[in-house]
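S.K.: Handing you a structure now.
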Amino acid sequence: MVAEVMAELAALEDPKAREVNEKHGDDHGVNLGKLRALAKRLKTQQELACGLWETDDTSAKLLAILIPRPKAFERDELDTMLRQARTPKVHDWLVNYVVKKNPHSEELRVAWFADPDPVVASAGWALTTERVAKKPEGLDLTGLLDVIEAEMKDAPDRLQWAMNHCLAEIGIDHAGHRARAIDIGERLEVLKDYPTSPGCTSPFAPIWITELVRRQQDKTPA
């Protein structure tokens, strides 16, 4: 079955898509819409997902993330998988589509947050951002802002991006910390000059926070 699916993925390979993806650090050439369509056809298949993951092919790994039972993975399996996920898209999908739905997600969040590998640590920050937005009880938001203020400016790219997202989420969702979050963003200037497409919100935290809060207020009945 793995060989059959790999043949299908090979047939979907598009050199132009690969060229675009490689600019973002993702070494695959399969259109993600077609990949999702293939996953929809295959449905949930845990054994196949594990087999595809072991091929070490990026397209296969992405497909593997779309067809397993997220709750079926053990903590150590997910830890190993994250350390094997070295391209941005595989890393992001694994965290968002599998780890967040797994019962070990909070334990992994704490472990990864403190990991010396900045790519692994970025996963810990991504899971922390999820908690900031959806389940902030028990989080030390002031402490998170302290770490961001001290470390984000000089953090490696992937970790810096994850910290910046957490900074923005704190500012958006927690009015009591909003002024400080905006102030940190303005002083550190992280992603201030990031190119943003028309119609998209800048990832520069002060702009991001201000715009999302404005949208929330516009939705609130007078």
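The values are calculated or read from the model by the stated rules, or taken from the named source; none is laboratory data. Computed from a predicted structure; not experimentally measured. Here the Cβ positions follow ideal geometry from the backbone for every residue, glycine too, while neighbour counts run over all protein chains shown. For accessibility, only protein heavy atoms count, side chains too; no ligands or nucleic acids. Shrake-Rupley method; radii C 1.70, N 1.55, O 1.52, S 1.80 Å.
S.K.: Output the relative contact order of the stretch 155-222, whole-number percent, from Cα pairs under 8 angstrom with separation of 6+ residues.
M.R.: Numbers: 58 pairs, mean separation 20.2, N = 68.
Once divided by the residue count of the stretch 155-222, the mean separation gives 30 percent.
S.K.: For the stretch 1-94, please report how many Lys pairs fall under 16 Å Cα to Cα, leaving out neighbours fewer than 8 apart on the same chain.
M.R.: 9
S.K.: Just to confirm, what accessible area per residue do you get for the chain at 1.4 Å probe, in whole Å²?
M.R.: Numbers: 11920 Å² over 222 residues.
Here the residues of the chain average 54 Å² of exposed surface.
S.K.: Using only Cα atoms and rounding to the nearest 10 degrees, what angle (0 to 90) does helix 205-219 make with the longest principal axis of the chain?
M.R.: 90 degrees
S.K.: Out of the total accessible area of the stretch 94-180 (probe 1.4 Å, heavy atoms of protein only), what percent is carbon and sulfur?
M.R.: The nonpolar share, carbon plus sulfur, comes to 54 percent.
S.K.: Here is a follow-up. Please determine, in degrees from 0 to 90 and to the nearest 10, the orientation of helix 175-188 with respect to the longest principal axis defined by the Cα atoms of the chain, where the helix direction is its Cα long axis.
M.R.: Between the helix axis and the principal axis of the chain, the angle is about 80 degrees.
S.K.: Relative to the first principal axis of the alpha-carbon coordinates of the chain, what is the inclination of helix 141-151, with its axis defined by its Cα atoms, in degrees from 0 to 90 and to the nearest 10?
M.R.: 80 degrees
S.K.: Rg to Rh for the stretch 108-222: what is it, with Cα atoms only and Rh by Kirkwood? Please report the intermediate quantities before stating the final value.
M.R.: Working: Rg = 13.9 Å, Rh = 14.4 Å.
Rounded to two decimals, Rg/Rh equals 0.97.
S.K.: In terms of modelled amide H atoms, which long-range or inter-chain residues lie less than 5 Å from the amide H of V30?
M.R.: D14
S.K.: Here's a follow-up. Show me 50-58, 120-128 ranked by packing, highest mean number of other Cβ atoms within 10 Å first.
M.R.: Details: 50-58: 17.9, 120-128: 24.0.
The peptides rank, most packed first, as 120-128, 50-58.
S.K.: Under the rule a/c < 1.5 gives rounded, and otherwise a/b versus b/c splits prolate from oblate, where does the stretch 97-154 land using the Cα gyration tensor? Kindly include the intermediate steps, with their values, before the conclusion.
M.R.: On the way: a/c = 2.16, a/b = 1.27, b/c = 1.71.
Oblate, since a/c reaches 1.5 and b/c is not below a/b.
S.K.: ³J(HN,Hα) across the stretch 7-12 via Karplus (A = 6.51, B = -1.76, C = 1.60, θ = phi - 60°), whole Hz, x for Gly/Pro?
M.R.: 5, 5, 5, 4, 5, 8
S.K.: Something else now. Can you tell me the mean projection area, over all orientations, of the convex hull of the stretch 58-103's alpha carbons? Units nm², please. Kindly include the intermediate steps, with their values, before the conclusion.
M.R.: Values: hull surface 10.9 nm².
Computed as one quarter of the Cα hull surface, the answer is 2.7 nm².
S.K.: Over the chain, what is the relative contact order in percent, taking alpha-carbon pairs closer than 8 angstrom and at least six residues apart? Spell out each step's value before the answer.
M.R.: On the way: 257 pairs, mean separation 24.1, N = 222.
Relative contact order of the chain: 11 percent.
S.K.: State the volume of the convex hull built on the alpha-carbon positions of the stretch 37-137, expressed per residue in Å³ and rounded to an integer.
M.R.: Details: hull volume 9.8 nm³, N = 101.
In the stretch 37-137, the Cα hull volume divided by residue count equals 97 Å³.
S.K.: Right, something else. Figure the gain on full extension for T201 and D115 (residue separation times 0.36 nm, minus the Cα-Cα span) and round it to one decimal in nm. Provide the component values of the computation, followed by the final result.
M.R.: On the way: separation 86, 0.36 × 86 = 30.96 nm, distance 3.03 nm.
Gain on stretching T201 to D115: 27.9 nm.
S.K.: Please state the relative contact order of the stretch 102-207 as a whole percent: Cα pairs under 8 Å, 6+ residues apart? It would help to have the intermediate numbers written out before the result.
M.R.: On the way: 121 pairs, mean separation 22.6, N = 106.
Over the stretch 102-207, the number comes to 21 percent.
S.K.: Rounded, prolate or oblate, given the Cα gyration tensor of the chain, with a/c below 1.5 counting as rounded?
M.R.: On the way: a/c = 1.98, a/b = 1.64, b/c = 1.20.
Prolate shape, in that a/c is at least 1.5 and a/b is the bigger ratio.
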